[in-house]
Amino acid sequence: MSSVIRTQDLCIEYDVSERGLFFTKRHRILRAIVDVSLEFRTDEIVGIVGESGCGKSTLGGSLAGMVPKATGSATLNDREIEEFARNDKVDFSRQVQMIFQHPRGSLNPVLTGRATLFEVLRRLPDVKDHAARVSELCEQVGLSEDLLDRRPAQLSGGQCQRLSIARALAMEPKFLICDESIAALDVSIQAQIINLLSDLSRSLGMGIIFISHDLNAIRHFCDRVVVLYLGRVVELGPTSEVLTDPRHPYTKALGRAIPNIGEFALPDPELTGEIPSPIDRPSGCALAARCPVAEARCRSAVPPHTTEGNRAFACIHT
Ligand SMILES: Nc1ncnc2c1ncn2[C@@H]1O[C@H](COP(=O)(O)OP(=O)(O)OP(=O)(O)O)[C@@H](O)[C@H]1O
Ligand SMILES: [Mg+2]
């Protein structure tokens with residue numbers, strides 16, 4: 001059965017209240033994800049891009065059942081992810097796996113590669129021949145089996161990332177969420193890992209949600225891209241269309257930051273100023289204070305999403 005992850009008006013908040021003198025408390029809520037409605041399928045690789053602090057990891061963590069929501073919903077095959085991950089941990093981890101930026105830090109430092117994979121396979125009663133499955137996983141991720149007797153500190157960054165991908169694949173997930181998973185690697189190794197993930201996605205029918213601030217990686221790798229700004233989706237669509245004909249001023253500005261992205265049309269002046277605080281969110285469009293085309297009505301109401309075919313953008317000027 002093909003799987004689908006859906007979010008509907010998903011909002012995620014962090015309590016960042018500050019303690020003052022004499023047991024006083026200043027209540028403050030940080031709205032990290034606001035009204036996000038998205039769909040992810042197993043036959044595609046979807047990039048999530050945006051500046052630091054825009055909510056990428058929060059969204060990814062929530063889809064992996066690790067970050068609770070405030071309101072709205074996030075479901076996997078119509079079942080609430082939060083409840084699923086809490087009550088059926090092993091079943092859920094056979095559906096959704098996550099890999100992180102620093103593979104060495106996410107691997108147990110005292111376990112060899114082999115012990116790392118065996119530890120996962122122990123939890124899967126239907127896998128009988130663990131040694132054969134370990135060989136298969138090594139082949140899938142291009143990791144020499146000789147390296148499995150080493151601990152993470154004795155492996156290179158690329159080898160560690162291949163091991164964490166093998167650990168995730170051991171569960172045969174329907175979705176793999178990659179949070180900046182290539183950012184800490186050398187450029188040549190980044191390309192190898194991207195090619196590996198792309199091949200695995202197609203051969204295993206596994207959906208990939210690829211969180212990155214690197215539009216260059218996204219343009220070569222992702223079928224669709226979602227652009228986040230201050231916790232909201234400002235643009236989404238097929239990568240080739242969004243990157244050759246960006247419609248939202250923020251997407252245009254993101255492209256500007258990338259040298260050699262040639263295809264980008266850059267008719268508008270650059271954005272100015274700083275990204276606002278997600279604690280004191282501005283009314284209206286969150287980009288308005290920085291946007292060269294903003295006008296009074298942009299500051300009074302959040303722009304609705306305009307849909308054009310399989311694209312959508314939240315700007316009244318598009
Ligand atoms: N555990 C937490 N407690 C309080 N605030 C948090 C927490 N985690 C994240 N935030 C805040 O939520 C917002 C979104 O953070 P998030 O880590 O999701 O952003 P990001 O897009 O992944 O950034 P980066 O590109 O730097 O990884 C930020 O303002 C961040 O400071
Ligand atoms: Mg992050």
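The values are calculated or read from the model by the stated rules, or taken from the named source; none is laboratory data. Predicted, not measured: the structure shown is a model, and the values here were computed from it. FYI the Cβ positions are ideal-geometry reconstructions off the backbone, even for glycines, and counts take in every protein chain you see.
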>> Return the residues of region 79-121 that are in contact with a Leu (Cβ under 9 Å, 6 or more places away or on another chain), closer than 19 Å to Asp179 by Cβ and either part of a loop (DSSP other than H, G, I, E, B) or within 16 Å of ligand 2 (Cβ to nearest atom) (or both); say none if nothing qualifies.
In response: Gln95, Met98, Ile99, Pro103, Leu107
> What number goes with the only condition from (1) farther than 30 Å from Phe118 by Cα; (2) more than 19 Å from the chain's Cα centre (by Cα) that Val225 does not pass?
Replying inline: (2)
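Of all residues in region 65-102, which are of a type in the set (A, V, I, L, M, F, W, C) and more than 16 Å from ligand 1 (Cβ to nearest atom)? Lay out the reasoning, then the answer.
Going residue by residue through region 65-102, those that are of a type in the set (A, V, I, L, M, F, W, C) are 66-67, 70, 74, 76, 81, 84-85, 90, 92, 96, 98-100.
If the condition is that a residue be of a type in the set (A, V, I, L, M, F, W, C) and more than 16 Å from ligand 1 (Cβ to nearest atom), then Leu76, Ile81, Phe84, Ala85, Val90, Phe92, Val96 are the ones that fit.
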> Just checking, how many residues over region 276-293 are touching a residue at least 40 places away in the same chain (Cβ under 8 Å) and farther than 19 Å from Val36 by Cα?
Replying inline: 3
>> Restricting to region 47-78, give me the number of residues that are part of a loop (DSSP other than H, G, I, E, B) and within 10 Å of ligand 2 (Cβ to nearest atom).
In response: 5
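Quick test for you: out of Ser52, Ser62, pick the one residue that is within 12 Å of ligand 1 (Cβ to nearest atom), within 28 Å of Ser240 (Cα to Cα) and surrounded by 18 or more Cβ atoms within 10 Å (Cβ to Cβ). Spell out how you get there, then give the answer.
On the way: Ser52 fails: surrounded by 18 or more Cβ atoms within 10 Å (Cβ to Cβ).
Of the residues listed, the single one that is within 12 Å of ligand 1 (Cβ to nearest atom), within 28 Å of Ser240 (Cα to Cα) and surrounded by 18 or more Cβ atoms within 10 Å (Cβ to Cβ) is Ser62.
Return a yes/no flag: does region 9-21 have any residue that is among the hydrophobic types (A, V, I, L, M, F, W, C) and in contact with a Phe, Trp or Tyr (Cβ under 9 Å, 6 or more places away or on another chain).
Keep residues of region 9-21 that are among the hydrophobic types (A, V, I, L, M, F, W, C), which gives 10-12, 16, 21.
Right, trim to in contact with a Phe, Trp or Tyr (Cβ under 9 Å, 6 or more places away or on another chain) and you get none.
For region 9-21, residues among the hydrophobic types (A, V, I, L, M, F, W, C) and in contact with a Phe, Trp or Tyr (Cβ under 9 Å, 6 or more places away or on another chain): absent.
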>> Being charged (D, E, K, R), surrounded by fewer than 20 Cβ atoms within 10 Å (Cβ to Cβ), touching a residue at least 12 places away in the same chain (Cβ under 8 Å) and under 23 Å from Ile189 (Cα atoms) is the requirement here; does Arg123 meet it?
In response: no
>> Of the conditions (1) surrounded by fewer than 20 Cβ atoms within 10 Å (Cβ to Cβ); (2) within 16 Å of ligand 1 (Cβ to nearest atom), Cys178 satisfies every one except a single condition; which number is it?
In response: (1)
> In region 24-46, what residues are within 19 Å of Gly205 (Cβ to Cβ) and either within 14 Å of ligand 2 (Cβ to nearest atom) or buried (at least 16 other Cβ atoms within 10 Å of the Cβ) (or both)?
Replying inline: Phe40, Arg41, Thr42, Ile45, Val46
> Does Asp126 satisfy being at pLDDT 95 or above and charged (D, E, K, R)?
Replying inline: no
>> Just to be sure before I move on: is Asp214 within 16 Å of ligand 2 (Cβ to nearest atom) and not hydrophobic (A, V, I, L, M, F, W, C) in the structure I sent?
In response: yes
